[in-house]
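The values are calculated or read from the model by the stated rules, or taken from the named source; none is laboratory data. Given the structure is predicted, the values throughout are model-derived calculations rather than measurements. When we count neighbours, we look across all protein chains shown, and the Cβ atoms used for this are built from the backbone with ideal geometry, even at glycine. Ligands, DNA and RNA are excluded from the accessible area calculation, which covers all protein heavy atoms including side chains. Shrake-Rupley method; radii C 1.70, N 1.55, O 1.52, S 1.80 Å.
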Amino acid sequence: MKIGIDLGTTNSAVAYINEHGTAEIVSNGEGERTTPSVILMDGDKAIVGDIAKEASVTQVDDTIQFVKRQMGNDSFQIPLPGSDKMIDAVEASAIILKKLVQDAEQELSEKVTEVVITVPAYFDDGKRNATIEAAEMIGLNVLKIINEPTSAALAYYDMEEDPSDQNVAIYDLGGGTFDASIVNIHNNEITVLSTDGDSNLGGFDFDNEICEHVINEFEDSTGIDLYDDDDAMQELRENAEKCKKALSRLSKYKVPVTSSGESMRVEITKDLFNDLIKGIVDRTKLVMEDAIKEANLTWEDIDKVLLVGGSTRVPLISETIKDFTGIEPSKELNPDEVVALGAAVQASLIDGDTSLSSSANIIVKDVNSHSLGIITQDKSGIDGNSIILHRNTEIPCSFSQEFYTNHDNQERIQLQITEGEDLDPDYVTIIGKSILNLPPGLPESSPLDITISYDKNGIVHVVARDVTNNTELRDMIIERKSNMTQIEMEEKKEELLAIEVE
Ligand SMILES: Nc1ncnc2c1ncn2[C@@H]1O[C@H](COP(=O)(O)OP(=O)(O)OP(=O)(O)O)[C@@H](O)[C@H]1O
Ligand SMILES: [Mg+2]
């Protein structure tokens, strides 16, 4: 059985293709269509989902959440509650995935072996690799990593009666990430023209704005600093989210706070909330403007703006989009489910599966969200970033260049691979060093043909050919900072197997 998984910052969802050939959400063990991406450790058992989310208020120290924001961050380690172990974002994600897959197997009465997992389009190579590692850690075969807005476009295509020629803009604002994609649908082809985003911007930041406001009000009137009170802070975080959701429908809401014997209700009106989040919403507007420019289109060319992600329920989002695009955003997609549905469609398209009724021969063309480069030195020895594959190039894509050995019998060649748009190495991400051992006896200035590529998952690879001997040298391994050795991977797998997940 193949399934599609939307592994979200705050909520995850699973979908499959049912016997009628349509994508359908798989409910979790609690009968819910989405599962909060929160882990509660109960002894050595990990409980994932609603119960964990509720417990995060009263048992802060026993819960882990928002790990997606830490994917690819190799210095992030969090204590595994109730033990002396530390885990990283990959392992925490593996625990969440285990819950999702286990529940899907139960519900579908079939073993799940293959998955398509969605990631924010703006995820870089390190974050994508981390996502694959999390799945492999629990024994899943990852068929593909697909970008969340692309997945939404695929689900949209699949649902449309007559998805003829159209350009759609996808505005995807979830709990922790923002993506904007401009997509062309023509016949049976879905072509992503451009994508842009911010992997650290989401509903979480709206909650933070409310929290900060309440903290200031509380301090002004009581002199108490809520930051010193962990329990009050966690409660506030929860109430801030409640307040935000309520303000999607009400005109005001009172946030209760209690600390050190003092209680208060801080009133947040819709206007105040809009003021608080205006800066964040404006950032999404800039990203959208950039995406339309990169697609070489104007808003007049766009037929529809599709809203994806729970945070698009905030009314200011639609109002702002209408303002700068002139288009009333369409709410026809279920913002919580559409990404997972698209992932299930994508899974069924792989290996010529025929279970899908409507879009059996649909072609999806996606792009890379970051430019790929290498560090080079100019004549005076100053490092610079040379971009070799510009962002918004259709993937898979590759670039080859000849490099020459510097001296006789050179033993190895080293490349530093980057992602980012700047020419200054300080402002791009160095994703890793790629070191290649050379065959013995090459004279100085021997040509080496080096190909750097993005695969279909947006992951970087480097291969090299020794032109002198006309032989392919083995794939250059990119030494990513976060790379796990086989042994570390096995150790972590063992550890995870020992954790019972419910
Ligand atoms: N009615 C509502 N009004 C405002 N915000 C809402 C509403 N319902 C949900 N949200 C917010 O939507 C966010 C969750 O959205 P979603 O489930 O799409 O995110 P995610 O998939 O977990 O995150 P990401 O895609 O960024 O990884 C949360 O911040 C939540 O507070
Ligand atoms: Mg999401």
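A few remarks follow.
- Condition broken by ARG69, with the remaining ones in (1) over 19 Å from the mean Cα position of the chain (by Cα); (2) within 16 Å of ligand 1 (Cβ to nearest atom) satisfied: (1)
- Some residue of the range 259-275 being open to solvent by 50 Å² or more (accessible area, probe 1.4 Å), within 16 Å of ligand 2 (Cβ to nearest atom) and out of contact with any Asp or Glu (no Cβ under 6 Å at 6 or more places or on another chain): no
- Of ASP351, ASP303, ASP336, all but one fail to be at pLDDT 95 or above, in contact with a strand residue (DSSP E or B) (Cβ under 9 Å, 6 or more places away or on another chain) and more than 22 Å from LEU193 (Cβ to Cβ); the exception is ASP336.
- Qualifying residue in the range 195-208 (condition: aromatic (Phe, Trp, Tyr) and within 30 Å of ALA295 (Cβ to Cβ)): yes
- Of residues in the range 160-195 being on the phi < 0 side of the Ramachandran plot and without any contact (Cβ under 8 Å) to a residue 24 or more places away in the chain, the one most open to solvent (accessible area, probe 1.4 Å): GLU161
- Filtered residue count, the range 403-426, keeping only those that are under 22 Å from ALA464 (Cβ atoms) and open to solvent by 80 Å² or more (accessible area, probe 1.4 Å): 8
- All positions within the range 288-311 that are surrounded by fewer than 22 Cβ atoms within 10 Å (Cβ to Cβ) and within 16 Å of ligand 2 (Cβ to nearest atom): GLY310
- Of all residues in the range 387-432, exactly one satisfies the criterion of being among the polar types (S, T, N, Q), free of Cβ contacts under 8 Å to residues at least 40 places away in the same chain and part of a strand (DSSP E or B), namely GLN414.
- For LEU316, the stated conditions do not hold, so it cannot be described as out of contact with any strand residue (DSSP E or B) (no Cβ under 8 Å at 6 or more places or on another chain), of a type in the set (A, V, I, L, M) and either more than 16 Å from ligand 1 (Cβ to nearest atom) or not assigned by TED's automatic domain parsing to the domain that holds GLY126 (or both).
- Evaluation of GLU19 against (1) open to solvent by 50 Å² or more (accessible area, probe 1.4 Å); (2) within 11 Å of ligand 1 (Cβ to nearest atom) (one fails), failing number: (2)
- Strands (runs of 3 or more DSSP E) contained in the range 1-55 and holding at least 3 residues within 16 Å of ligand 2 (Cβ to nearest atom) and closer than 23 Å to THR150 by Cα: 2-6, 11-17
- Count of the range 221-280 residues, restricted to those that are more than 16 Å from ligand 1 (Cβ to nearest atom) and either of a type in the set (A, V, I, L, M, F, W, C) or at positive phi (or both), is 10.
- Filtered residue count, the range 446-458, keeping only those that are under 23 Å from ILE146 (Cα atoms) and surrounded by 20 or more Cβ atoms within 10 Å (Cβ to Cβ): 4
- In the range 112-128, the residues that are away from ligand 1 (no atom under 15 Å from the Cβ) form Cβ pairs under 7 Å with partners that are outside any strand (DSSP E or B) and polar (S, T, N, Q), at six or more places apart or across chains, as follows: VAL116/GLN346; GLY126/SER482.
- Of residues in the range 22-59 being within 13 Å of ligand 1 (Cβ to nearest atom) and out of contact with any helix residue (DSSP H, G or I) (no Cβ under 7 Å at 6 or more places or on another chain), the one most open to solvent (accessible area, probe 1.4 Å): ARG33
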